[in-house]
Structure formats: C-alpha cells, structure tokens
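Worksheet: one structure, shown below.
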Amino acid sequence: MADHEAITRLESVLDLQRKAFIQNPWISIAERKANIKKIPEMVLSNKDEIREALNQDFSSHPAAVSDFVEVLGVVARATYVISKIDEWTASEFRDVDPQMFGKSKGEIRYQPKGVVGNIVPWNFPIDLSLGPLCEMLAAGNRVIIKPSEYTPATANLLARMIKAAYPEDLVTVVIGGLDLAKRFPQLRFDHILYTGNPAVGKIVMGEAAKNLVPVTLELGGKCPVIMTPGSVTPENVKDILGIKMIKSGQMCISVDHVYCPRSEMENFISEAETYFKDNLADFAVSPDNTGMISERHLGRIKRMITQAEDAQVRSITLGGQASVSANTRQLPLTLVVNPPKDLDIMTDEIFGPILPIIPYDDLPTVVNDINVGERPLGLYVYSDDLATANDVVNKTNSGGAAINCAAIQGALPALAFGGSGNSGMGRHHGVEGFREFSNPRGVFTRGRPVEDLINVFTPPYAKGLQFVVEGGYQHALKSLQRA
Ligand code: NAD
C-alpha cells in the first residue's frame with residue numbers, strides 16, 4: 001500500500017475508533033478481560049508464524065528467543081493483567097475531611113482515555129505491540145498500532161492476527177513507510193505511546209504537543225554495568241555476556257558498556273574469552289545469533305568497530321571471525337578495552353554486539369561519570385554487598401535498575417517499565433501501565449442527608465464562609481503543630 005493510501009486509512013480508522021468510543025465510552029470489565037484473552041490465544045496459535053516472520057525480518061533470529069520473549073512473555077503479561085483487572089479498575093477512595101464534607105466521598109475512578117496510538121520499533125515487534133495492548137485494553141481504550149517499516153514480515157503477520165481477533169473499531173494495525181510514521185503523531189489521539197530512539201521521540205512529542213496529546217516515550221540510552229570490586233566472577237561475566245548477546249545487543253535495556261575495577265579488568269577479559277572458547281566458538285554464525293536488522297544498521301556497527309581499530313584501541317573478537325555473512329547480517333561480539341571517550345561507542349547508544357570495558361579506580365568517580373551523562377534506561381550493579389549495590393543505585397538515576405543481573409527489570413509484567421530524562425517518560429507494565437493509559441478522574445459524591453458545610457460558599461460570606469475560615473485557621477495551626 002502506498003503511503004498516501006496508508007495515511008488515508010489511518011485517518012479513517014482513527015475517525016472510526018473515535019466515533020465508536022463516543023458511542024460506547026465504557027467497555028465492561030468482562031468484555032475487557034475477553035478482549036485481552038485474545039492476545040495469548042493469538043500468539044500461541046501463531047508461534048511458528050512469529051518465528052518465521054522474525055527470521056525473515058532479522059535474516060537470523062533464534063526460535064527460542066522468539067518463543068520466550070514474543071510469545072511466552074506476551075502470554076505472561078496478558079494473564080497477569082487479566083488477573084489484576086478487577087483490582088486495578090476498582091475505585092480508590094481518598095480521605096475526605098468529615099468536618100467540612102460530612103459523609104461525602106472522594107474517589108479516583110480510572111476511566112479509559114479513548115483512542116491510543118502505539119508507534120512500535122523494529123527490535124521486539126510483537127512484544128512491544130501486544131504487551132502494552134494488554135494494559136491499553138484493560139483501561140478500556142481502543143488502539144491503533146503502527147509497526148516499524150524495518151519489520152515488514154512481522155508487521156503483516158501482526159495485522160493479520162489483529163484483524164482476525166478484533167473489530168477494526170477496537171484494535172487495528174496500520175502499515176506503511178516513513179510518511180505514515182510522520183503523520184501518526186500529528187493526529188488527535190487521546191494518548192500516544194512511542195518506543196524508539198530519543199531523536200525521533202522529540203519529534204513525536206513536539207507533534208503531539210500541537211494537539212496536547214499526552215505521550216509515553218520509551219526511548220533508549222547507554223545502560224551501564226558497574227562491577228564493584230570483587231564481583232568479576234565467571235558467573236557474573238557469563239551473565240553480562242549472555243544479556244549482551246540477546247538479539248545481538250539490539251535491545252533497549254541491553255548492557256551498553258561495563259565499568260570494571262582496573263585491577264580486575266584482565267580477569268574479566270580472560271573469563272569472557274574462556275567462556276566463548278569453551279561454549280560459543282562459532283557463535284557468530286550459529287542460529288542463536290540474531291542478525292542486524294538491516295544493511296544500514298550493520299554498516300553502523302561495523303563503522304563503530306573500524307573507528308576503534310583506527311584509534312588503535314585494543315579489541316577482542318569473540319565467537320568467530322570479525323567478518324560477517326552477507327546473507328544473515330550476523331556479527332561476532334567485540335570487546336573494546338578502555339576506549340577513549342570521544343569514540344562513537346562511548347557517545348552513542350551502541351545497540352549492537354560491541355562491549356566497551358572501562359577500567360576505573362574508585363566507585364564515586366563511576367557514579368559521577370554516570371550522573372553527568374544522559375540518564376540511562378537501565379543500570380546494573382554487581383556486588384555481593386547489597387549495601388554497596390544499593391548505594392550506587394540510590395546515588396544514580398535511570399529508568400530501571402537491577403542488582404546482580406541485567407535487564408530482568410524489563411521482563412516482569414508487574415514491574416513498571418520506562419525511562420528517565422533522555423531515556424523516556426511514563427511507564428507501561430503493571431498497574432502503572434494501566435494508569436498510564438487511564439484518566440484518573442477525581443469524583444466527589446456528596447453525602448446524603450446533607451451534613452456538610454458546602455453551602456457556606458453561597459454569599460453573604462459573613463453568615464457562613466467567614467465563620468468556616470476562622471475555624472479553618474485555628475485547625476491549620478493545630479495541624480501544623482502536630483505535623
Ligand atoms: P525504528 O526505526 O523502528 O523507529 C521506531 C518507530 O518510530 C517506528 O515505528 C518508525 O516508523 C517510527 N518513526 C520513525 N521516524 C518517525 C518520525 N519522524 N515520526 C514518527 N514516527 C517515526 O526504531 P529505532 O528508533 O531504531 O529503535 C531503536 C531505539 O529504540 C533504540 O534507541 C532503543 O533503545 C529504543 N527502544 C526503547 C525501548 C523502550 O522500551 N524504552 C524498547 C525498544 C527500543
């Protein structure tokens with residue numbers, strides 16, 4: 001479909017969903033559960049097709065990663081949301097001063113926002129479409145999903161699955177190129193979730209601001225690992241490499257670089273070499289190794305490696321030859337040791353299989369290094385001493401954090417997920433995700449029989465409001481003394 005046709009369709013489905021929302025602004029909780037239940041059903045019955053589509057889009061994509069993240073991860077999130085929806089949608093009653101308001105009640109009622117748009121990146125095309133859909137539907141919204149132009153096979157499959165499961169006025173997928181992507185945030189959605197790089201995040205927020213459409217921005221950044229002294233063990237090194245190799249580093253919460261105590265840096269490198277020699281000698285060309293998403297992304301990673309080599313920085317290739325199969329766009333893992341700060345791998349999010357190892361002499365310098373940079377999406381500390389690990393976590397700022405592992409904070413359906421500063425704003429996953437896509441409406445219900453002082457607002461004030469104000473001052477002073 002040409003982009004102008006895709007844009008016309010987007011505008012017409014938005015209109016359709018908007019009208020459907022106005023006609024039926026409250027989808028019952030039972031219906032919402034039934035709607036969410038279709039998500040696990042669709043991924044489980046299409047798991048082979050999902051594997052195949054990802055394999056086509058990435059040229060090489062491990063079936064186990066597809067099953068674990070894009071199928072089972074989505075199933076876990078949907079079932080969790082279904083189990084929580086009664087609790088999340090229930091009113092939350094808040095304190096109301098009985099002296100002033102008698103038996104009146106104040107409550108937060110979570111109301112659907114309306115039509116939510118989801119702009120999805122290429123790296124987890126099913127998970128980042130259907131995962132947030134669980135919370136969007138739980139909140140009672142209608143949803144338009146726009147997959148990335150880099151994942152055409154998965155986008156087409158997603159469109160087919162969604163079309164088979166939902167009417168177009170409830171959930172639909174729009175597919176197109178960059179012109180469609182640019183048009184999307186210009187439209188009057190009731191909320192937009194954008195997941196992708198920070199540069200485009202700024203464009204999306206700018207466009208959405210013109211209509212005062214609220215946004216959730218799930219962006220990227222350079223997620224550091226901080227190895228505290230004594231933490232360079234074979235298990236920890238294996239852990240870090242394992243997370244880095246998921247999708248060949250093309251994961252927003254992947255390990256970007258490692259801070260390592262200077263005296264333990266050679267040990268880190270030799271543990272990494274031993275692990276690859278013993279277990280993953282041919283990793284680069286194995287089916288466990290995800291390909292770079294496109295020639296352009298492959299070229300970017302290769303240029304980063306060449307830049308480090310040209311600067312005569314020590315680099316170590318793990319898991320096979322530095323060259324790459326043109327068919328699969330697979331790459332080995334490259335460790336880059338103590339690179340200068342001006343290299344691209346030190347300034348940009350790497351998002352590929354390169355791991356800089358940065359030696360340090362004292363932890364406060366590392367904490368300062370992190371704090372003067374952009375806030376990362378994830379931050380990981382390895383230490384047997386929880387007090388030390390928590391001290392690092394408390395003195396830094398990031399979207400999420402993990403202690404003695406990496407990235408797992410993003411895998412829990414119950415744990416709010418999102419960024420801070422340059423890595424984004426807002427949350428999905430869990431109750432925070434449900435609330436992100438809801439309007440937390442404050443509703444006041446006056447008690448009957450009327451035993452409150454609300455009538456004092458009717459002039460003349462000398463007969464009512466002034467009297468209450470005087471009492472109010474005395475009450476305020478007493479409250480302050482008690483506080
Ligand atoms: P991408 O190129 O697929 O772009 C993301 C989406 O933005 C796509 O749907 C694309 O069509 C759309 N887009 C592109 N230009 C646009 C424009 N001008 N206006 C509106 N939409 C536009 O993906 P990407 O940005 O390369 O994704 C990688 C980045 O995403 C990394 O920085 C990564 O860390 C981040 N990411 C973050 C999360 C998270 O949850 N925080 C998850 C995955 C990826």
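The values are calculated or read from the model by the stated rules, or taken from the named source; none is laboratory data. Bear in mind the structure is a predicted one, so any value in this text is a computation, not a measurement. Glycine gets a Cβ as well: all are built from the backbone with ideal geometry, and neighbour counts include every protein chain shown. The protein model used for the area step is the full one, side chains on, heavy atoms only, and it has no ligands, DNA or RNA in it. Shrake-Rupley method; radii C 1.70, N 1.55, O 1.52, S 1.80 Å.
The table below lists the values:
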quantity	calculated
Helices (runs of 4 or more DSSP H) contained entirely in segment 125-225, each with at least 1 residues that are open to solvent by 40 Å² or more (accessible area, probe 1.4 Å) and more than 10 Å from the ligand (Cβ to nearest atom)	152-165, 198-210
Output for segment 1-28, where each listed residue is surrounded by fewer than 12 Cβ atoms within 10 Å (Cβ to Cβ) and aromatic (Phe, Trp, Tyr)	Trp26
Hits in segment 226-248 (condition: in contact with a helix residue (DSSP H, G or I) (Cβ under 8 Å, 6 or more places away or on another chain), surrounded by 18 or more Cβ atoms within 10 Å (Cβ to Cβ) and not hydroxyl-bearing (Ser, Thr, Tyr))	Ile226, Met227, Val232, Val237, Leu241, Met245, Ile246, Lys247
Flag for Gly418 being in the same structural domain as Asp369 (by the TED database), under 30 Å from Pro112 (Cβ atoms) and touching a residue at least 60 places away in the same chain (Cβ under 8 Å)	no
Those residues of segment 40-76 which are in contact with a Lys or Arg (Cβ under 8 Å, 6 or more places away or on another chain) and part of a helix (DSSP H, G or I), in sequence order	Phe58, Ala63, Val65, Ser66, Asp67, Val71
Check on Gly352, more than 30 Å from the chain's Cα centre (by Cα), crowded, with 19+ Cβ neighbours inside 10 Å and in the same structural domain as Ile246 (by the TED database)	no
Restricting segment 399-458 to residues that are assigned to a helix (DSSP H, G or I) and more than 16 Å from the ligand (Cβ to nearest atom), the residue that is least open to solvent (accessible area, probe 1.4 Å)	Phe434
Failed condition for Arg375, given (1) at pLDDT 95 or above; (2) open to solvent by less than 20 Å² (accessible area, probe 1.4 Å)	(2)
Verdict on Gly106 being touching a strand residue (DSSP E or B) at 6+ places or on another chain (Cβ under 8 Å), part of a strand (DSSP E or B) and more than 16 Å from the ligand (Cβ to nearest atom)	yes
Qualifying residue in segment 81-93 (condition: surrounded by fewer than 17 Cβ atoms within 10 Å (Cβ to Cβ) and either under 20 Å from Leu130 (Cα atoms) or at pLDDT below 95 (or both))	yes
